[in-house]
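My structure is below; once you've seen it, I'll send some questions.
Just so you know, all these numbers are worked out from the coordinates, no wet-lab data involved. Small disclaimer: the values here were computed from a predicted structure and weren't measured. As a convention, Cβ positions derive from the backbone with ideal geometry for all residues, glycine included, and neighbour counts pool all protein chains shown.
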Amino acid sequence: MAVSSFELSLPCRGTTVEVEFATTAPANPTAVLIPVTQSEGALEVPVTTLAGDGLLKALDAVGATGKKGEVTRVFHNDTLTIAFGLGDSGDIDEDTVRRAAGVVARGLRGVDKATITGEFGIRPIVEGLLLGGYSYTGMKSSQEDDSKDTTRITVIGKDNDADREAFKRAAVVAGATVLARDLVNTPSNFLYPESYAKVITEIAAQSKLNVEVFDEKQLKEQGFGGILSVGQGSNRPPRLVHLSWHPAEATTSLGLVGKGITFDTGGISLKPAANMENMISDMGGSAAVVAAISAAAQLELPLGIDAWVPLAENMPSGTATRPGDVITHYGGITSEILNTDAEGRLVLADALARASEDKPDYLIETSTLTGAQIVALGNRVMAVMGSDEFRDRVAATGRAVGEPGWAMPLLEEQEEELKSPVADIRNTNNARTAGMLFAGLYLSRFIAEDTQWVHLDIAGPSFNTSSPWGFTPKRASGTPVRTIVETMTQLAGT
Ligand code: BES
Ligand code: MN
Ligand code: ZN
């Protein structure tokens, strides 16, 4: 069963296209999807599969140019033909194909059966279709559009194991991305720590992962002061969820940690009202981590993985944490809280300390951590901090899979800013300089000496508040599920 089709107690799910693999074209498709390119400005139809005679002329006549992201519909030789542009034929990379397939999938409403060639790469075609075809309409009571009628797309590949394997893998990875999107898109009146922990337990059961849920009583007994502090202002108590995958063949170990703030009001340091609704996405890191470990189990990766996701709702109230409060994290480090809106690092500190206790070889942490990330890198590029070598490798992996990452430094000179007069460290630098890097430095204090680690700040790229583009729909993008899965695959040596 695909990760995205697990039975879950969510009020609604997104929908996307269905894909299947075949080695020959099925008869009577509603539409054929044809890649087109350009050379010195002239349109080209680079593959003959599915393209009827004279297609180039027909497309040329209606003004198709083959440029990236262009979609042209013509009725040709009795078939609806949808051409999608890949740009210059000498300069086509995987991400161009994935984005173009995403654009074409978004425009398939009303098409029952479509066929596409996998000649430009099975993986980017399948991922692009499944990710670009995704839409989330939540609880709209009138479904005016026909998005319920799922488009089925046959991807034509070669009759060999490599193409079949690539198809299967792409479907699992895209399915995991869709699962993360569904979790992030769920409104916070449905997704709060307790209900979210239940959904994660359901995911674990259906992906054969071990799961452990710590409730507020256990968190207290074991000293998870950061998670408790952030959660104490809410009527919905916090949780910590531990998922694990330990196949017998594993020789390398990986820790995963993801921020799971189910809603971030800022707490007593209350956020302004404008755009606060986007803070339903403040659990995007945890969703990516849960989806990624679920994919690892489906792919049976020979890698030992422990995922820790701290879940809390950051609310202002009479029981909320105040600026000036001092808390004790799991493991004993104390923090002075200057700003209750810098809550992500507080829950992550506990989870990182717990994950580090097991001394994993590698550790990947991801979070919608700072608005400063968006200021620095915008809405499409995630920031990558951590151990030099692993950081550069993960940033490059993100770029390769279409979740671009860029390396950012941890600054020695900010060590001074971490100091507090009343605790070991403080949770903000009380300055307007390099807030993203300060947050990364704060997290670094909770990581074991010999662990290769990265912190992925996904505040911008995990939630698309503007128009759809490429294979990225409105709202949740699923970033960085595919970066994590690809990195895990590398670490597993498969
Ligand atoms: N969840 C926010 C960061 C965020 C902002 C994510 C915008 C997505 C979009 C985080 O908890 C936060 O509020 N960070 C503060 C930290 C500051 C108080 C030091 C911020 O970035 O303003
Ligand atoms: Mn906050
Ligand atoms: Zn937050």
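Report the per residue volume, in Å³, of the convex hull enclosing the C-alpha atoms of the stretch 38-97. Display every interim value, and only then the final one.
Details: hull volume 4.8 nm³, N = 60.
Spread over its residues, the Cα hull of the stretch 38-97 gives 79 Å³ apiece.
To the nearest Å, what is the center-to-center distance of the stretch 421-468 and the stretch 1-18, using C-alpha atoms only?
Here the two parts' Cα centres lie 32 Å apart.
Within the stretch 113-128, which residues have the backbone N less than 16 Å from the label spot 7 Å out from N28 along Cα→beta-carbon, could you tell me?
Flagged as within label range: 113-115.
Can you check how the C-alpha radius of gyration of the stretch 201-251 compares to 2.2 N^0.38 Å, as a plain ratio?
Values: Rg = 14.1 Å, N = 51, 2.2 N^0.38 = 9.8 Å.
Against the empirical 2.2 N^0.38 Å value, I get 1.43 for the stretch 201-251.
Pop a pseudo-label 7 angstrom from the Cα along the beta-carbon direction at both V375 and T49 and give the gap in nm to one decimal.
So the two model labels end up 4.9 nm from each other.
Which net charge results when you count Lys and Arg as +1 and Asp and Glu as -1 among the other residues whose beta-carbon is under 10 Å from that of T451?
On the way: positive: K359; negative: D358, D361, E449, D450.
With Lys, Arg at +1 and Asp, Glu at -1, the net is -3.
Another question, then. Can you tell me the dipole magnitude for the stretch 12-159 around its Cα centre, using point charges on the Cβ only (Lys, Arg +1; Asp, Glu -1), in Debye to the nearest 20? Show your work: numbers first, answer last.
Working: 15 positive and 21 negative charges, 95 e Å.
Taking the Cα centre of the stretch 12-159 as origin, the dipole is about 460 debye.
With the crude spin-label approximation of a point 7 Å out along Cα→Cβ, what separation in nm comes out for S39 versus S5?
Rounded to a tenth, the inter-label distance reads 4.1 nm.
Sticking with this one: Taking the Cα atoms of the chain, report the difference between the largest and smallest coordinate on each principal axis, in whole Å and largest first.
The Cα atoms of the chain stretch 77, 49, 43 Å along their principal axes.
By what distance, in whole Å, do the Cα atoms of the stretch 259-363 stretch along each of the three principal axes, largest value first?
Over the stretch 259-363, Cα extents along the principal axes are 47, 33, 18 Å.
Which number do you get for Rg(Cα) / (2.2 N^0.38 Å) in the stretch 238-313? Write out the running numbers ahead of the final one.
Details: Rg = 15.6 Å, N = 76, 2.2 N^0.38 = 11.4 Å.
Relative to the rule-of-thumb radius for its length, the stretch 238-313 sits at 1.37.
Between D325 and S89, what length in nm is gained on full extension when 0.36 nm per residue of separation is reduced by their alpha carbon distance?
Working: separation 236, 0.36 × 236 = 84.96 nm, distance 6.01 nm.
Gain on stretching D325 to S89: 79.0 nm.
What are the ³J(HN,Hα) values, in whole Hz, obtained from phi via the Karplus relation 6.51 cos²θ - 1.76 cosθ + 1.60 with θ = phi - 60°, for each residue of the stretch 431-444 in sequence order, with x given for Gly and Pro?
Couplings: 9, 9, 9, 6, x, 5, 6, 4, 4, x, 5, 4, 4, 4 Hz.
Ok, one more. Sort S188, S281 so the one with the fewest other Cβ atoms within 10 Å of its own Cβ comes first. Walk me through the numbers on the way to the answer.
Numbers: S188 21, S281 26.
Starting with the residue having the fewest Cβ neighbours, the order is S188, S281.
I'm checking a number: the convex hull volume of the Cα atoms of the stretch 335-438, normalised per residue, in Å³. What is it?
111 Å³
Which lysines have a Cα lying under 28 Å from the Cα of K359, excluding residues fewer than 8 positions away in the same chain?
K198, K208, K217, K220, K259, K419
Once you order the gyration tensor axes a ≥ b ≥ c over the Cα atoms, which shape class does the stretch 117-215 get: rounded for a/c under 1.5, otherwise prolate or oblate by comparing a/b with b/c? Write down the numbers at each step before the final one.
Numbers: a/c = 3.38, a/b = 1.43, b/c = 2.37.
Because a/c hits 1.5 or more and a/b fails to exceed b/c, the stretch 117-215 counts as oblate.
Taking the Cα centre of the chain as the origin, how large is its charge dipole in debye, to the nearest 20, when only Lys and Arg (+1) and Asp and Glu (-1) carry charge on their Cβ atoms?
Numbers: 42 positive and 62 negative charges, 230 e Å.
For this selection, approximately 1100 debye.
Say each of K67 and N235 gets a label point 7 Å from the Cα, pointing the same way as Cα to Cβ; how far apart are those two points in nm?
Modelled inter-label distance: 5.5 nm.
Starting from 0.36 nm per residue, how many nanometres of slack lie between T465 and K198 once their C-alpha separation is accounted for?
93.3 nm
How many percent of the alpha carbon pairs in the stretch 1-84 exceed a separation of 23 Å?
Working: 1377 of 3486 pairs.
Tail fraction, whole percent: 40.
On to the next question. What is the P(r) of the stretch 381-494, as percent of Cα-Cα pairs per 10 Å bin from 0?
13, 38, 31, 16, 2
Under a cut-off of 17 Å between alpha-carbon atoms, report the lysines in cross-link reach of K474, not counting same-chain residues fewer than 8 places apart.
K140
Ok, one more. At 0.36 nm per residue, minus the direct Cα-Cα distance, what do A396 and A273 gain on full extension? Give it in nm, one decimal, please.
Working: separation 123, 0.36 × 123 = 44.28 nm, distance 3.66 nm.
Stretched out fully, the A396 to A273 stretch lengthens by 40.6 nm.
Would you work out the charge dipole size for the stretch 344-494 about its Cα centre, treating the Cβ of every Lys and Arg as +1 and the Cβ of every Asp and Glu as -1, and quote it to the nearest 20 debye? Numbers along the way, then the final one.
On the way: 14 positive and 19 negative charges, 174 e Å.
Dipole of the stretch 344-494, to the nearest 20 debye: 840 debye.
Cα atoms only, the stretch 1-144: Rg and Dmax in Å?
Just the Cα atoms of the stretch 1-144 yield Rg and Dmax of 16.2, 53 Å.
Below 13 angstrom from the Cβ of S207, what's the summed charge of the other residues (Lys, Arg +1; Asp, Glu -1)? Mind dumping the intermediate values first?
On the way: positive: K208; negative: E7, E202, E300.
So the environment of S207 carries a net charge of -2.
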